[in-house]
Amino acid sequence: MYQWDWRLISVYKFVFVQGALITIWLTVLAVILGTVLGTLIAFAKKSRNRIVSWLALGYIELFRAIPILVLLIWVFYVVPILLNWRISAFLASVLALSLNLSAFVAETVRAAIESIPSSQFESGLALGMSPQQVMFQIIIPQAVRNMVPNLMGLYISELKNSSLASVIAVNELLHRSNILISETYRPLEIYTAVAVVYLIMILPLVWVSRVVERHLARIDKPTFGMDYELSH
């Protein structure tokens with residue numbers, strides 16, 4: 001019979017804490033970079049320039065199709081050969097996770113913008129606003145409310161996907177735990193502790209996501225276009 005020994009979790013608690021901190025830092029960087037890049041790609045996809053639009057579409061389809069694990073390995077091992085640029089495992093992980101996330105963010109942002117009725121845009125132009133003013137003062141604020149729930153889901157998935165960075169020896173939670181297993185030969189206790197740590201990191205994000213969704217659901221939908229049409 002397997003004899004459980006939970007004392008080592010207390011003895012090596014610093015391993016889990018340090019691993020969790022690196023996991024969080026990796027996720028934060030990937031989320032920031034992926035969100036910014038994805039938003040830019042979304043606007044490029046909606047560009048009137050067909051070349052720019054098609055390039056953005058190609059980018060989205062490419063990085064949505066490539067598995068994250070393959071992308072991690074490719075960025076870490078192939079990019080340095082092609083560009084003669086030495087890259088750390090941590091930076092390679094940030095880039096790979098960001099590229100993958102940005103493709104999904106781009107589709108989320110695009111869909112949220114297109115969910116706003118075209119009458120909103122037309123009404124803004126009729127009031128003498130420039131297309132840029134209509135987009136950033138009328139369309140974007142409404143689109144943000146529509147995209148937030150899906151973005152929160154993507155960010156939570158990104159935290160879980162960060163565990164794949166252990167494949168290229170990033171000292172995040174899973175990699176540190178695997179090293180500890182090789183030293184203690186206690187995989188069941190350590191993997192159980194890893195699962196608990198992930199729950200501690202993810203459950204607050206799930207709670208925040210639900211709170212944000214409920215808050216957004218209580219906000220009355222803007223009726224800019226309808227109000228304008230009724231007044232004229």
Q) Can you give the helix-only mean residue ellipticity at 222 nm for the chain, where every DSSP H stretch with n ≥ 4 adds -39500 (n - 2.57) and the sum goes over all residues, rounded to the nearest 500 deg cm²/dmol? A) -25000 deg cm²/dmol
Q | Most mobile of Gln18, Gln120, Gln132 in a GNM of the chain (Cα contacts under 10 Å) | A | Gln132
**Q.** Size descriptor, Kirkwood hydrodynamic radius, that averages inverse alpha-carbon separations across segment 1-94, Å
**A.** 16.7
Q: Give the Cα extents of segment 104-145 along the principal axes, in whole Å, largest first.
A: 34, 15, 14
(Q) I'd like to verify something in the chain: which complete DSSP H helices, judged by Cα projection on the helix axis, reach 15 Å or more and average at least -0.5 on the Kyte-Doolittle scale? (A) 13-45, 50-65, 89-114, 140-161, 173-184, 187-218
Q) So what is the diffusion coefficient of segment 1-56 in µm² per second by Stokes-Einstein at 37 °C and 0.692 mPa s, using a Kirkwood Rh over Cα pairs? A) 219
Q. Working from the pairwise distances between different alpha carbons, so that the mean of 1/r is found and then inverted, what is segment 73-156's Kirkwood radius in Å?
A. 15.4
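For segment 1-160, which semi-axes, largest first and in whole Å, follow from the square roots of 5 times the eigenvalues of its Cα gyration tensor?
39, 21, 12
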Q: Once you've got the GNM for the chain with C-alpha springs shorter than 10 Å, pick whichever of Trp85, Trp54, Trp74 has the biggest mean-square fluctuation.
A: Trp85
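Give me the percent relative contact order of segment 7-219, please, defined on Cα pairs under 8 angstrom at least 6 residues apart.
Computed value for segment 7-219: 29 percent relative contact order.
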Q.
Give me the 1.4 Å probe accessible area per residue for the chain, excluding ligands and nucleic acids, in Å².
A. 58
**Q.** With eigenvalues of the C-alpha gyration tensor scaled by 5 and rooted, segment 135-200, Å
**A.** 39, 12, 6
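The values are calculated or read from the model by the stated rules, or taken from the named source; none is laboratory data. All figures in this text were calculated on a predicted structure; none of them were measured in a lab. The protein model used for the area step is the full one, side chains on, heavy atoms only, and it has no ligands, DNA or RNA in it. Shrake-Rupley method; radii C 1.70, N 1.55, O 1.52, S 1.80 Å.
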